[in-house]
1. Starting at 0 and stepping by 10 Å, how many percent of the alpha carbon pairs of the range 143-286 end up in each bin?
2. Which value in deg cm²/dmol, rounded to the nearest 500, describes the helix-derived mean residue ellipticity at 222 nm for the chain, given -39,500 (n - 2.57) per DSSP H run of n ≥ 4 and division by the residue count?
3. Given points 7 Å out from each Cα along the Cα-Cβ axis, report the residue 17 to residue 144 separation in nanometres with one decimal.
4. What is the spin-label model distance, in nm, from residue 94 to residue 252 if the labels are put 7 Å beyond Cα along the C-beta direction?
5. Pull up all non-local amide H partners of residue 49: gap of 5 or more, or a different chain, and H-to-H distance under 5 Å with H placed in the peptide plane.
6. Tell me, what is the Rg over Rh of the range 124-180, with Rh the Kirkwood radius over Cα pairs?
7. For the range 1-132, with the dipole built from +1 on Lys and Arg beta-carbon atoms and -1 on Asp and Glu ones, taken about the Cα centre, which of 34, 116, 82 lies farthest toward the positive end?
8. Dividing the convex hull volume of the alpha carbon atoms of the chain by its residue count, what do you get in Å³ per residue?
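Each reported figure results from applying straightforward, stated rules to the coordinates on display, with no laboratory input. Since the model is a prediction, treat every value here as computed from it, not as a measurement. Cβ atoms come from the backbone with ideal geometry, glycine included; neighbour counts cover every protein chain shown.
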Amino acid sequence: MDVLDRAEHYLLHHGRLIDRLRFQALFRGGPREPVLHALRAYQNPDGGFGHALEPDLRGAASQPEPVEVALWILDELDAFDSPMVPAACDYLASVTTPDGGVPWVLPTVRDAPHAPWWQTDDDPPGALVPTAPIAGLLHKHGITHPWLDGATAFCWARLADLKEPGPYDAMAVLAFLSHVPDRERALAEFDRLRDTLLGTVTYDLSAPGHVHHPLDFAPRPSPLPLFSQDLLDAHLDALLAAQSEEGGWGANWPMWTPLVEHEWGGYITVQRLRTLQAYGRLADLP
């Protein structure tokens with residue numbers, strides 16, 4: 001079996017419905033409407049998303065991070081015309097902090113099972129994750145909403161003070177700078193922060209633990225290239241080689257309850273296939 005057939009085998013055995021439908025829409029010519037129907041099931045009446053769309057947040061209550069997950073799915077389907085988008089923006093406005101950002105996680109996380117790293121105080125501040133990638137995606141698709149102006153200003157202010165970001169902060173910054181409309185300012189900030197962002201990358205393919213490699217920062221060709229093509233090619237080779245015997249790709253962080261291993265596996269498998277497709281590696285396969 002080729003890479004796609006093996007991935008489909010994995011997804012049929014282990015993937016969530018939404019990830020099986022994503023695969024069909026993205027790689028088998030299937031319609032996008034079933035994916036959108038499945039995604040709507042994760043959206044709450046307040047416009048936010050919950051219900052383990054982000055598998056490590058098991059509760060039904062809306063959280064900011066699952067909004068980002070939902071928007072990435074809508075992005076891959078080019079479906080930002082969905083009514084889910086303005087509803088999600090309304091939700092974000094309802095949980096935004098006075099400085100214009102949304103928190104990484106809200107205190108309601110305590111009301112349901114969740115991974116142990118989802119912790120917060122009672123009054124969490126706004127954060128680049130997930131404010132920056134959400135703002136970047138909304139800008140990419142030309143969405144206008146009152147929430148976006150304040151969130152954009154928040155991101156610019158946080159970038160000005162960015163000193164020692166972690167990998168997730170770096171990826172959030174890249175998502176924002178790739179699509180924010182003020183391109184002159186974005187390019188200047190990218191040039192200023194480039195070395196700082198590169199400091200969060202792990203290049204050793206055999207490095208253990210929850211590390212982030214170049215393709216995590218550049219899952220598709222970017223208007224803000226961080227890496228040489230030779231380096232990306234080496235990591236694309238490694239990504240192909242990392243497909244499991246079952247046909248999927250998994251997470252490199254702790255699986256705190258057995259169910260999430262394959263919930264994450266299905267989501268990540270579709271993401272890895274999209275990266276291979278974006279760099280022309282699926283079309284080149286025999």
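1. Answer for the range 143-286: a P(r) of 10, 35, 32, 20, 3 percent.
2. When only DSSP H runs of four or more count, the value is -16500 deg cm²/dmol.
3. Once both label points are built, they end up 3.7 nm from each other.
4. Each label point lies 7 Å from its Cα, and together they span 3.8 nm.
5. Answer set, sorted by chain and number: 44, 63, 67.
6. 0.95
7. Projecting each Cα onto the dipole axis, the largest value belongs to 34.
8. Hull volume over Cα atoms, normalised by residue count, gives 132 Å³.
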